[in-house]
């Protein structure tokens, strides 16, 4: 298990950054990870991934979105998306002030969606995206696609998606990724639902994601 420490940055008092930092070397690349609508940055998935990425040499900041800082439980209130995107922007700025290397941005479900919307609006804010269980549509409502911003995403993105995820099938995800002009890859997780980690894969999933993402981050567009 890797060591980590509480992290807080109130440079922007309207949008403080709060979470946990898994530090690596001073000039290491940094991955910012955030959570889904029903969780926080202490979710087992985020902790497992943060420890695995840290062991590989990346600094990891897993942080709570502003909606979760404001309320410990429950989903994001209506209208919170822009503020949550501002929270991710503030997290990027906080890591840049620490003199980190490249900044990667990612999140699970709602958090990943907000990261992708922010990246679409601000190309160059992050070098790569790691989008875990992207919520392509509400369960059993495939007509309500959340793809409007995808044609604007210029940041290379790795999607990690369970083959039993009710928020989008692998086939639906492949169609959605075709809308993105940037380089993308899809890592299917066999037998996993929206939470990704299962009793069967919890020992090897984090390392699989780390290896896939590090290879993706080092590759260039052909």
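The values are calculated or read from the model by the stated rules, or taken from the named source; none is laboratory data. Quick caveat: nothing in here was measured; it's all calculated off a predicted structure. Note that each Cβ is placed from the backbone with ideal geometry, even for glycine, and that neighbours are counted across all protein chains shown.
A few points about this structure:
- Residues satisfying the stated conditions in the range 1-41, i.e. assigned to a loop (DSSP other than H, G, I, E, B), at pLDDT 95 or above and under 28 Å from residue 218 (Cα atoms): 29, 35, 36, 41
- Among the conditions (1) more than 15 Å from the chain's Cα centre (by Cα); (2) free of Cβ contacts under 8 Å to residues at least 60 places away in the same chain; (3) part of a helix (DSSP H, G or I), residue 76 misses just one, which is (3).
- Filtered residue count, the range 182-203, keeping only those that are assigned to a loop (DSSP other than H, G, I, E, B) and either within 19 Å of the chain's Cα centre (by Cα) or surrounded by 15 or more Cβ atoms within 10 Å (Cβ to Cβ) (or both): 11
- Taking the range 143-153 as the range and being in a loop (DSSP other than H, G, I, E, B) and surrounded by fewer than 15 Cβ atoms within 10 Å (Cβ to Cβ) as the test, the residues that pass are 143, 144, 148.
- Any hit, the range 170-181, residues being part of a strand (DSSP E or B), in contact with a helix residue (DSSP H, G or I) (Cβ under 6 Å, 6 or more places away or on another chain), within 19 Å of residue 219 (Cβ to Cβ) and touching a residue at least 24 places away in the same chain (Cβ under 8 Å): no
- Leading residue by the ranking (nearest to the chain's Cα centre (by Cα)) among those in the range 3-40 that are crowded, with 18+ Cβ neighbours inside 10 Å and within 21 Å of residue 201 (Cβ to Cβ): 33
- Cross-chain or 6+ apart pairs with Cβ under 7 Å, the range 118-142 first and on the phi > 0 side of the Ramachandran plot and assigned to a loop (DSSP other than H, G, I, E, B), then modelled with pLDDT under 95 and surrounded by fewer than 18 Cβ atoms within 10 Å (Cβ to Cβ): none
- Residue within the range 86-102 that is buried (at least 22 other Cβ atoms within 10 Å of the Cβ), touching a helix residue (DSSP H, G or I) at 6+ places or on another chain (Cβ under 7 Å) and either closer than 25 Å to residue 194 by Cβ or modelled with pLDDT under 95 (or both) present: yes
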